[in-house]
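Data first, discussion second: the structure below is written as C-alpha cells.
The values are calculated or read from the model by the stated rules, or taken from the named source; none is laboratory data. Owing to the predicted nature of the structure, the values given are computational and were not obtained by experimental measurement. Glycine gets a Cβ as well: all are built from the backbone with ideal geometry, and neighbour counts include every protein chain shown.
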Ligand SMILES: *Cc1c(COP(=O)(O)O)cnc(C)c1O
C-alpha cells in the first residue's frame, strides 16, 4: 500500500509542478512524515524510494533513529523545546521549526560543541489564531538579523503550516503570501543565510502549495494512511 500511495503522491507532485506559476531553483523534494508510524512502515517506505523522513517529536525520532540510522535523512518538522536541542542537533539535518532567538541560540551553542553547522528553517505564523507556533511577519526580518549573529547556524528558508480549512482553496492566498515573504527575505544581506527551501504543503494541500512555489512538501497521511493517536 505504501508503495502505491507514494507513486500516487509523486504523480500529483509532477502534475502540480507542471501547473506551478513560480518555481524555486532547488528541486521539489518530498518529506515522508512518519510520526506515529512504526519503524516497519518506515523501512517499507525507504525501500519504496523515500529518502527524507519528517518527525514531530525528538524522543520518538530518537527511538526510530536507533533502529534505522542514516539510511534516510531526518528532518524535524514539529515544535522544538530547548531541553531537546541536544539530541535534535545530533540527528536532524534540517530543523524546520525555529521560531525564536532563544531557541536558535541554544541550537547554535549545541551545534558549536559538536562542530556542526545546523541548517534550519524559520517557521512563520501567518494566521495568528490558527497556530501558537511560528514568528509573525512583522517580527521576521529582525529575527533573521539576530540569528545571523550566531556562529553555527545556517538559515535556509521558511516553513509554514496552513490552517485546516474545509475548502482547500482557501489556503492558496496564504501560500502566495509565503512565497512573496520568502522572496523578500531572500533580499536581506546576511552571512549565515543560504536561501533554498520553502517548506509548505501537507497531504490535504500539497498540490496547491507546489503550484504556489513550495519546494519542500511534508506528506504523512497520503503515504501511510491515517494515524492512530
Ligand atoms: C503531521 C504533520 C505533517 C503531515 O500531515 P499529513 O496531513 O499527515 O500529511 C506535515 N507537517 C507538520 C508540521 C506536521 O505536524
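Side notes on the structure shown:
- Members of the range 5-50 that are within 16 Å of residue 72 (Cβ to Cβ), within 16 Å of the ligand (Cβ to nearest atom) and surrounded by fewer than 16 Cβ atoms within 10 Å (Cβ to Cβ): 38
- Residue match in the range 174-188 (condition: more than 16 Å from residue 12 (Cβ to Cβ), modelled with pLDDT of 95 or more, within 16 Å of the ligand (Cβ to nearest atom) and under 14 Å from the mean Cα position of the chain (by Cα)): yes
- The set of residues from the range 51-62 being surrounded by 15 or more Cβ atoms within 10 Å (Cβ to Cβ) and either away from the ligand (no atom under 16 Å from the Cβ) or in a loop (DSSP other than H, G, I, E, B) (or both) comprises 56, 57, 62.
- Subset of the range 1-47 (residues that are farther than 17 Å from residue 217 by Cβ and assigned to a loop (DSSP other than H, G, I, E, B)): 1, 36, 37, 38
- So residue 213, is it out of contact with any helix residue (DSSP H, G or I) (no Cβ under 7 Å at 6 or more places or on another chain) and buried (at least 20 other Cβ atoms within 10 Å of the Cβ): no
- Flag if residue 213 is within 18 Å of residue 16 (Cβ to Cβ), assigned to a loop (DSSP other than H, G, I, E, B), within 16 Å of the ligand (Cβ to nearest atom) and modelled with pLDDT of 95 or more: no
- Residue count for the range 193-209, restricted to those that are over 14 Å from the mean Cα position of the chain (by Cα) and farther than 26 Å from residue 150 by Cα: 4
- Of the helices (runs of 4 or more DSSP H) lying entirely inside the range 76-149, those carrying at least 1 residues that are closer than 27 Å to residue 63 by Cβ are 85-91, 101-113.
- Within the range 83-94, one or more residues are buried (at least 20 other Cβ atoms within 10 Å of the Cβ) and under 29 Å from residue 180 (Cβ atoms).
- Candidates 158, 154, 198 - the one that is modelled with pLDDT of 95 or more, more than 12 Å from the ligand (Cβ to nearest atom), part of a strand (DSSP E or B) and surrounded by fewer than 19 Cβ atoms within 10 Å (Cβ to Cβ): 154
- Restricting the first member to the range 31-60 and to residues that are within 11 Å of residue 224 (Cβ to Cβ), and the second to residues that are assigned to a loop (DSSP other than H, G, I, E, B) and within 14 Å of the ligand (Cβ to nearest atom), the beta-carbon pairs closer than 6 Å and six or more apart or on different chains are 32/50; 33/220; 35/56; 36/227; 42/34; 53/34.
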